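Visitor: Input: one structure, supplied below.
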Amino acid sequence: MARTDMQSLVSILIPVHNAGQTIAAAIDSCLAQTYPHIEILLLDNASSDGSLDIMAAYDSLKISILKNEKAGTIAESRNKLLHHARGEYIAWLDADDTMHPDRIDIQVGFMTSNPGTDIAGSWILTDAPDLPLRKLPLLHSQIRTLLWFKNCMIQPSVISKNFYRRENIWYDESYGNSVEDYELWYRLVSRKKFANIPQFLTSYHMTTGEALKRKKESNDFHKNLSRLWNKKWEDAHIQVEAADRRIFQDFLYTNATLSPAESQSLHRTLALLKRSDRDPFFRLVVSFHQLRLWKNMPLLQKIRHAGLLANLAYYFKIKRNYLF
C-alpha cells in the first residue's frame, strides 16, 4: 500500500511492566515508523528492573512517559493511556513486541480508505516455531462470528479511531490482568465495525509452555474467560449443560487427545451449535471444529463418528477464510 499523505496524529500506547530486556526494541520500532505524525505514550507500571531508566534515556519529543508509583492491572494501565492519548487514532503495542516500519503508514492508509471501519488489526509474525505466521479473518461479519468462539483480534496489532473518551468506552477493569482485550472486542463488535488487514505488520512474542501456564494462573485467566463465556452463552440463547460447556470451552483452547466421554460431549455440542445458527460463516467455523474433534478422538470414536469427515468438503473454504 502506498504511503498516505494524511496528517492525522496517531497515539501509540505501550503499557510497560518489568520489560527491561525488550522495551528498547519496542520503542525503536515505533521511532522507525515511516509515518511521521505519531506520539508514543509509555506507561511504566511500577517496574523494578530498570525499565523506567531505559525509557527515560530516549531523547525524543515524540515520547511521553507516564508512571504508576504502585502497580495496577493491565486493564487500568490501558485506560490510563487512553485518557492521555491525543491522537485521532489509537495504535497499541506491547512492551515485548515490535512494529514493522510501515505498520502505522499502512494502517492509517487503510482507515482513510475505509472510513466506516472503527477498529483494525493485522496479521502477525510470531517467535513460536509451531506458529510463525498468524493469519486472521478479514471482514467484520467474519470477525463478529468468530469472536463468539475465540479472540481473533490481536491486541498489539490493533489501530482504532479514538472514540474512547468521547463515547465513555473503556476496558473493563474488573478483568484485571487477563482477557480484558477480548472482553472489549466482544462488547464492541455489535457497535463498531472491525477488520483485519492481510499484511504482517507486528512481530509478536508468544508466551508458551510452563511460562504461559504460570501466567494464566497468576492472572486469573480461566476465571475471567469463564466470566466472558457466561455472557457469550447467554447471548447465543443455546441451552448446553454446564459440564458440556466446560469441555467445549477447553477444546477451543487446546489440541489434546480427547477421552471417549469428552468426544461424545463435544459431538453433541457442535451438532447443536450447527443446528442453532443459519449464518453460513458460523456453520463453517463449526465444521472446522468438527474436523478438529475427529482428529483428536480415540480410534474407536473416530470409526464411530466417521461421518464427521464429511466436513472435509469445506476444507479449502476453511483455509481461505484463515480459520487455521
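Visitor: Out of the range 87-101, which residues are surrounded by fewer than 20 Cβ atoms within 10 Å (Cβ to Cβ) and either more than 15 Å from residue 156 (Cα to Cα) or of a type in the set (Ser, Thr, Tyr) (or both)?
Guide: Correct list: 87, 88.
Visitor: Restricting the range 133-154 to residues that are of a type in the set (S, T, N, Q) and surrounded by fewer than 21 Cβ atoms within 10 Å (Cβ to Cβ), which is nearest to residue 193 (Cα to Cα)? Before the answer, list the steps.
Guide: Going residue by residue through the range 133-154, those that are of a type in the set (S, T, N, Q) are 141-142, 145, 151.
Subset that is surrounded by fewer than 21 Cβ atoms within 10 Å (Cβ to Cβ): 141, 151.
On the way: 141: 9, 151: 16 Å.
The residue in question is 141.
Visitor: In the range 184-210, what residues are among the charged types (D, E, K, R) and open to solvent by less than 20 Å² (accessible area, probe 1.4 Å)? Before the answer, list the steps.
Guide: From the range 184-210, those among the charged types (D, E, K, R) are 187, 191-193, 210; that's our starting set.
Scanning the range 184-210 gives no hits.
Visitor: For residue 76, all conditions in the list (1) modelled with pLDDT of 95 or more; (2) in contact with a Ser or Thr (Cβ under 9 Å, 6 or more places away or on another chain); (3) open to solvent by 40 Å² or more (accessible area, probe 1.4 Å); (4) not aromatic (Phe, Trp, Tyr) hold save one; what is the number of the exception?
Guide: It fails just one condition, (2).
Visitor: In this structure, does residue 24 turn out to be in a helix (DSSP H, G or I), touching a helix residue (DSSP H, G or I) at 6+ places or on another chain (Cβ under 8 Å) and open to solvent by less than 10 Å² (accessible area, probe 1.4 Å)?
Guide: So residue 24 does not fit the description; no.
Visitor: Looking only at the range 155-173, filter to residues that are in contact (Cβ under 8 Å) with a residue 12 or more places away in the chain and farther than 15 Å from residue 80 by Cα; which one of those is most open to solvent (accessible area, probe 1.4 Å)?
Guide: Per the stated criteria, the residue is 161.
Visitor: Here's a follow-up. Check residue 128 against each of (1) modelled with pLDDT of 95 or more; (2) closer than 23 Å to residue 203 by Cα; (3) of a type in the set (Gly, Ala, Ser) and name the one condition it does not meet.
Guide: It fails just one condition, (1).
Visitor: Residue by residue through the range 231-258, note down the ones that are surrounded by 11 or more Cβ atoms within 10 Å (Cβ to Cβ), free of Cβ contacts under 8 Å to residues at least 40 places away in the same chain and closer than 19 Å to residue 178 by Cα.
Guide: Correct list: 246, 249, 250.
Visitor: All but one of (1) within 18 Å of the chain's Cα centre (by Cα); (2) modelled with pLDDT under 95 hold for residue 227; state the number of the condition that does not hold.
Guide: Evaluating residue 227 over (1) within 18 Å of the chain's Cα centre (by Cα); (2) modelled with pLDDT under 95 leaves (2) as the failure.
Visitor: Just one of (1) outside any loop (DSSP other than H, G, I, E, B); (2) open to solvent by 60 Å² or more (accessible area, probe 1.4 Å); (3) over 25 Å from residue 88 (Cα atoms); (4) in contact with a helix residue (DSSP H, G or I) (Cβ under 9 Å, 6 or more places away or on another chain) trips up residue 18, so point out which.
Guide: Residue 18 satisfies all of (1) outside any loop (DSSP other than H, G, I, E, B); (2) open to solvent by 60 Å² or more (accessible area, probe 1.4 Å); (3) over 25 Å from residue 88 (Cα atoms); (4) in contact with a helix residue (DSSP H, G or I) (Cβ under 9 Å, 6 or more places away or on another chain) except (1).
Visitor: Applying the selection to the range 108-132, what residues are part of a helix (DSSP H, G or I) and open to solvent by less than 10 Å² (accessible area, probe 1.4 Å)?
Guide: To start, the set of residues in the range 108-132 that are part of a helix (DSSP H, G or I) comprises 108-113.
If the condition is that a residue be part of a helix (DSSP H, G or I) and open to solvent by less than 10 Å² (accessible area, probe 1.4 Å), then 108, 109, 111 are the ones that fit.
The values are calculated or read from the model by the stated rules, or taken from the named source; none is laboratory data. These numbers were taken from a predicted model, which means no experiment stands behind them. Positions of Cβ are backbone-derived with ideal geometry, glycine not excepted, and every protein chain shown enters the neighbour counts. Note: areas computed on protein heavy atoms with side chains; ligands, DNA, RNA excluded. Shrake-Rupley method; radii C 1.70, N 1.55, O 1.52, S 1.80 Å.
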